[in-house]
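Just below is one structure, and these are the notes that go with it.
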């Protein structure tokens, strides 16, 4: 089926630690993936994307890893800050479709 | 660069009433999406437009939901009549995606609909 799911609904980390948010996707035809951050009362905000011809991409304090063999995606946030507290969604687009399919989200709580 | 604009921000209506949401995408973005986000869940696509044509409306409850994108710019989403289960945030997004390239979608702040 076409589903994108997450392993952990809530992740609590200490400020300054690194965070890892995981996502499993089921559609092997997916070829483009995005991580979004959604703060309360706001729309999803783009963080980073990765295409299926890559296995790693880095941004500012964030890294996305893609393992197509096991259909797994992860978002790593370095030196997590209180402003990183939000719900994080992975989303995919698969061949033949142009709209994003979202997972259910992981809430990241950063403890001071 | 101006983002995706949506209005109203909040709406409370009684069941069986009708409601309409408006979206103005980022200038130059040919692709426009409407998503429904129920509390605690990820956004679910309702309809996708490419310019003023519908690309995907397979998950739109067509017996009560309708959407249009006149002149390939602004879009409206209507619900008539509303049901309690329509309570959600309705997100509009736009992107430069085409049949040849996929890009990220930019989202508006959404309209929070409460049906009582």
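Using a 10 Å cut-off around each Cβ of peptide B:53-64, what is the average number of partner chain Cβ atoms that fall inside?
Taking the mean over all residues of the peptide, I get 1.
Starting with the highest mean, order A:82-91, B:57-66 by the number of other Cβ atoms within 10 Å, averaged over the residues of each peptide.
Numbers: A:82-91: 20.1, B:57-66: 14.3.
So the order, starting with the most tightly packed, is A:82-91, B:57-66.
When only C-alpha pairs under 8 Å and at least 6 residues apart count, what is the relative contact order of chain B, in percent?
Numbers: 290 pairs, mean separation 42.1, N = 116.
Worked out over chain B, it gives 36 percent.
Could you compute the FRET efficiency for residue A:68 and residue B:62, with r as their C-beta to C-beta distance and R0 at 30 Å, rounded to 0.05?
Values: r = 36 Å, r/R0 = 1.19.
For R0 = 30 Å, the calculated efficiency reads 0.25.
Could you compute the FRET efficiency for residue B:70 and residue B:98, with r as their C-beta to C-beta distance and R0 at 30 Å, rounded to 0.05? Write down the numbers at each step before the final one.
Values: r = 21 Å, r/R0 = 0.69.
So the FRET efficiency works out to roughly 0.90.
I'd like the distance between the alpha-carbon centres of segment A:34-95 and segment B:1-44, rounded to an integer number of Å.
The two parts, judged by their Cα centres, are 23 Å apart.
Expressed in nm to one decimal, what extension gain is obtained for the pair residue B:22 and residue B:80 from 0.36 nm per residue of sequence separation less their Cα-Cα distance? Present the calculation step by step, with values, prior to reporting the outcome.
On the way: separation 58, 0.36 × 58 = 20.88 nm, distance 1.51 nm.
Extra length from residue B:22 to residue B:80 when fully extended: 19.4 nm.
Provide a whole-number value for the mean count of partner chain Cβ atoms within 10 Å of the Cβ atoms in peptide B:40-49. Before the final figure, lay out the partial values.
Details: counts 5, 5, 16, 10, 2, 5, 1, 1, 4, 0.
The per-residue average across the peptide is 5.
Test of understanding: what is the full-extension gain from residue A:39 to residue A:22, defined as 0.36 nm times their sequence separation minus their Cα-Cα distance?
Stretched out fully, the residue A:39 to residue A:22 stretch lengthens by 4.3 nm.
Would you mind telling me which residue in A:22, A:53, A:67 has the biggest mean-square fluctuation in a Gaussian network model of chain A, where springs connect alpha carbons within a distance under 10 angstrom?
A:53
Mind ranking A:11-17, B:107-113 by how tightly packed they are, going by the mean number of other C-beta atoms within 10 angstrom, highest first? Walk me through the intermediate numbers first.
Values: A:11-17: 13.3, B:107-113: 21.7.
The peptides rank, most packed first, as B:107-113, A:11-17.
If the label point is 7 Å along Cα→Cβ of residue B:2, which residues in segment B:53-88 have backbone nitrogen under 12 Å from it?
B:74
Decide, for the protein assembly as shown, between rounded, prolate and oblate: order the square roots of the alpha carbon gyration tensor eigenvalues as a ≥ b ≥ c, take rounded if a/c falls under 1.5, and otherwise choose prolate if a/b is larger than b/c, else oblate. Write out the running numbers ahead of the final one.
Values: a/c = 1.86, a/b = 1.42, b/c = 1.31.
The shape class here is prolate.
Shape verdict for chain A, please, from the Cα gyration tensor: rounded (a/c under 1.5), prolate (a/b greater than b/c) or oblate. If you can, show how the numbers build up before the last one.
Working: a/c = 1.94, a/b = 1.63, b/c = 1.19.
The shape class here is prolate.
Each value in this text was obtained by applying a stated rule to the coordinates, not by laboratory testing. All of these numbers come straight from a predicted model, not from anything done at the bench. All Cβ positions, even for glycine, are placed from backbone atoms using ideal geometry, and neighbour counts span all protein chains on display.
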